[in-house]
1. Using the Cα centre of the chain as the reference point, and only Cβ charges (+1 on K/R, -1 on D/E), how large is the resulting charge dipole? Debye, rounded to the nearest 20.
2. Going by amide H atoms built from the backbone, whose H comes under 5 Å of the H on Tyr55, apart from near neighbours?
3. Of the candidates Leu39, Leu182, Leu307, which one comes out as most mobile in a Gaussian network treatment of the chain with C-alpha springs shorter than 10 Å?
4. Rg over Rh of the stretch 231-323, using C-alpha atoms and the Kirkwood radius, what does it come to?
5. Carbon and sulfur together cover what percent of the accessible area of the stretch 49-89 at a 1.4 Å probe radius?
6. Determine, for the chain, the count of lysine pairs separated by eight or more sequence positions (or lying on different chains) whose alpha-carbon distance falls under 22 Å.
7. Give the shape of the stretch 104-183 as rounded, prolate or oblate, defined through the alpha-carbon gyration tensor: a ≥ b ≥ c are the square roots of its eigenvalues, a/c under 1.5 means rounded, and otherwise the shape is prolate if a/b is larger than b/c and oblate if not.
8. How much length is gained if the chain between Thr254 and Val206 is pulled fully straight, taking 0.36 nm per residue apart and subtracting their Cα-Cα distance, in nm to one decimal?
Amino acid sequence: MAGYYYLSVWSILTSLLVMLCLTTCPVNTSKGDKDTMFLGCLNMCQYEGCDGTEYRYQPRYLKFLGWDCKGECEYYCMWEFVALYLKHDMKVPQFYGKWPFVRYVGLQEPASVLASIFNLLVHIVGLYRLRRYTSPKAPLYWFWHIFALVCMNGWIWSTVFHTRDTPFTEHMDYFSAFSMVLFSFFSAFVRIFEQVFCSEVIGAAVLMISFFTYHIYYLAFVHFDYGYNMRANIGIGGLNALVWILWSWRNRRTHRHIWKGALFIILALSSVGLEVNDFLPIYWILDAHALWHFSSALITPLWYSFLIDDCNYLHEKLKVKVN
């Protein structure tokens with residue numbers, strides 16, 4: 001009965017979420033790259049410094065990382081205008097939807113690159129520990145392998161995107177990030193029913209795959225709407241947290257390890273404030289987005305500790321049932 005209760009709550013809230021996400025809103029353009037003087041600087045730079053798509057004065061390693069002449073000119077003119085804004089004590093604007101970042105060895109957002117690699121390593125170590133300290137015969141053992149691989153894929157693309165922002169890397173980062181959020185939500189229903197192949201979980205999977213397909217189609221072929229993408233991630237993430245917390249509360253007396261999972265969800269939900277409340281990068285390197293990524297890396301070992309304990313709990317439960 002508990003499973004049916006959760007599924008009903010999820011269905012109602014998901015319907016409300018879909019209606020919210022379908023109500024898209026215009027995307028705010030960045031002030032910096034719309035400035036006529038900035039555009040004039042960009043045109044002059046491309047006229048004087050470009051040889052086709054290549055920048056005449058560019059080191060080889062920057063070409064390897066995908067920095068073409070247009071990208072070099074955008075970077076150069078951005079800092080010319082940042083200096084101008086600071087000289088006149090004016091508020092520094094964003095350029096192309098981002099704050100100005102100091103490029104380090106070709107990395108466009110070095111702090112976020114480091115944080116993404118940190119997250120990737122945390123998931124690799126987490127999967128290693130899961131394999132070492134749990135039995136392959138434990139229920140959901142292989143399912144959590146898939147979960148880890150989905151997360152690793154997401155952090156790989158996050159690393160690539162923050163290394164060099166292009167339309168392709170941006171799309172892959174956004175799509176893979178949403179896949180992590182949605183798969184985490186799906187995993188809540190798998191854990192509730194303690195299996196993958198049952199009608200309730202399959203029904204949830206069909207709905208989520210349908211929504212994921214719509215999400216990718218809309219962003220890729222209709223309109224790459226940053227506001228819609230943000231609402232979809234926050235909405236699904238909020239529902240995910242709600243289901244996990246409700247399940248944790250109902251099972252708090254029978255699952256001694258459950259506090260780990262609940263604490264992780266609360267900490268992860270709290271860290272979203274860093275992503276929403278953005279600020280100018282500290283020393284033009286460390287921004288709220290990078291701090292959010294670092295925070296997720298710090299708390300993720302707690303989640304894998306919960307998964308290890310939970311797999312062992314389900315394995316013992318299965319052995320008692322069989323005997």
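1. Magnitude of the dipole: close to 1540 debye.
2. Cys69
3. Leu39
4. Numbers: Rg = 17.0 Å, Rh = 15.1 Å.
Result: Rg/Rh = 1.12.
5. Numbers: 1450 of 2710 Å².
Solvent-exposed carbon and sulfur of the stretch 49-89 make up 53 percent of the total.
6. Counting lysine pairs in the chain gives 15.
7. Values: a/c = 4.52, a/b = 1.96, b/c = 2.30.
Oblate, because a/c is 1.5 or more while a/b does not exceed b/c.
8. Values: separation 48, 0.36 × 48 = 17.28 nm, distance 3.08 nm.
This chain segment gains 14.2 nm when fully extended.
The values are calculated or read from the model by the stated rules, or taken from the named source; none is laboratory data. In this text the structure is predicted, and so the values were computed from the model without any measurement. Here Cβ is always computed from backbone atoms with ideal geometry, including for glycine, and neighbour counts include all displayed protein chains. We work out accessible area using only protein heavy atoms, side chains counted, and drop any ligands, DNA or RNA first. Shrake-Rupley method; radii C 1.70, N 1.55, O 1.52, S 1.80 Å.
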